[in-house]
Each structure stands twice: as structure tokens, then as C-alpha cells.
Amino acid sequence: MQVIGLCRFSYPAYGGFQVEHETLKERIRYLYDHDRLEERFRLFETIALPCLKNQTDQDFELIIVIGDSLPKEHVDRLQDQISDLPQARLVAEPPRRQREVMKELLQKARRDPSRPCLQFRHDDDDAISVKFIEKLRTATQDCQGLLKRHQAVTFDFNSGYVAEVGKHGISATPIHRPYDVASLGMHIAGGSKLTIMNFAHNKIVKFMPTVTFSKPPMFVRTHNSYNDSRQKAVKAVPVEPLTPDQQEHFRTDFGIDINHVRRVFSNP
């Protein structure tokens, strides 16, 4: 079964952000700000990409959506970062309504729309378990009766970690967060034009059957300077430095190497 992932990397859409801007020019200026982009690239390299490169099931594809106005130096840097991830490809789009363009790209990516597929979203600053694709496929095998009766069914792996990363390493705490973007997958029936982008992730439960898995931990969600969802007043999440055992857990289960994190975030 085809598995399609979608990642938005600083794409200047109309809508799709909790941080509001009066004009498109202001949004682009915010998204392409030097300090913001530098942090996104570092998070992408150390958190978002390693888990994909180390998936136990490598049979998936990832669409990385960028703006057609992203400067060439940044496009080249992205290409370098995904050079050893053949499943990934960059797609440059002009500014459009976010859901419109994302749904269109997912539809075009389906090799055979008459057959079912699996879809997931991947934020550029989060990690998923290296077994996510494998477990997503297994879940569909376990729920064949349910899948046959519905156009779409969601699989929610809803436990993981909130983490802060930087030159000193990683601090984190376990969390349980249902219907978040990280480690959320959707089965789309053959012939259906639905996509995972038809729905707000935290409202999916209102529109279709969902199957939830509370163990094992399946995601790492970073809190950083430019989280779109954290630009307004939100409750702080206390975190603690990882123990040596936790560092090994992050390395083996999420592909996150604390020494790599330290090196990258220690650069000027």
C-alpha cells in the first residue's frame, strides 16, 4: 500500500498559521527571517529527518512543500539535507490557501487513486518513531473490516515527549496528546478524494472512526522559539535533561543523537 507523507517547510500559505500577518509580504518576511530559518534548518537536520532516514519500513514517500520565493541558498541547503533520503522531494508552490494546495499535492501523489493509501503529516521540528510506518501498516492489517466500511479511518499513536533542544543537549518530559500531528496516520479508501489535509488534526475524531494506541511512545514534539502554536500565551511544560538511558532511547527509537544535536546547535 502506498504511504505518502506531507511536510510544510516555511511555506507562505494564505491561512494555516496561528501567527497572523496583515499581508503576504509580512508573512514571507517572518518565515524567511534569518534567525527563524536557521533554527528550522537545525531542527530539521537533528530532529525531523533522522527518524525518517531510520524507518524500519522504508517504503514511503515524503512531499516537502516550500514557497517558490524561498531563496536559492535555502533551497540548496534543503536539497543537501535530504540527499540521503531518496523518499523525499521538494515541491515549490506559489502562495495559495494552505488546505487547497496540500490536498492537491496529496491527490497528485497517489499512483493509483482506485487503490487505498496511507497518509501522514510531518512537522519540520518534530520526530516520529522509527517504527511509525511499520506500525501504521500493521494497524491497517488489524482493522480490515473497519477500513472496508469507511472512506477514511485515522490511526492515532498518542503518547510521546515534549522536548527542548539546544547546544546543551535535550531536555524532555513524557506526554499524552491525542490527535496531534506527530504520529497520526490516515487510511484513505480507493476511489475516495479525501486526504489527511481535509481535516484539522485535532477535530478528526468528529468526522471518522479512529483507532488509538497509547503505547509505546511514538513522537517527540519540540518546543522552540518559533512554534506556531506557542506564539500566544500557553502553559509552560516543565522538562528535565535526558538521563543516559533516555538518551539511548531517543537514539534507537527516534534516531535522535544528542551529540549531533549539541554539535549542530553549538555552531555560530
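Laid out as a table, the results:
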item: Separation of alpha-carbon centers, segment 88-158 and segment 163-224, rounded to whole Å; result: 11 Å
item: Extension gain from PHE207 to THR138, taking 0.36 nm per residue of separation minus the Cα-Cα distance; result: 22.6 nm
item: Which of GLN87, LEU70, GLN141, positive extreme of dipole for segment 28-143 (C-beta unit charges); result: GLN141
item: Percent antiparallel among DSSP beta bridges (both partners in the chain, rounded to 5); result: 45 percent
item: Rounded FRET efficiency, nearest 0.05, which uses the C-beta distance separating ARG29 from VAL237 and R0 of 25 Å; result: 0.30
item: Size of electric dipole in the chain: Cβ of Lys, Arg +1 and of Asp, Glu -1, about Cα centre, debye, nearest 20; result: 920 debye
item: Rel. contact order, % - alpha carbon contacts under 8 angstrom, at least six apart, the chain; result: 25 percent
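Only the coordinates and a few stated rules stand behind these numbers; no lab work does. Treat the numbers as computed from the prediction; the structure is a model and nothing was measured. No Cβ is skipped: glycine too gets one built from the backbone with ideal geometry, and neighbour counts run over all protein chains shown.
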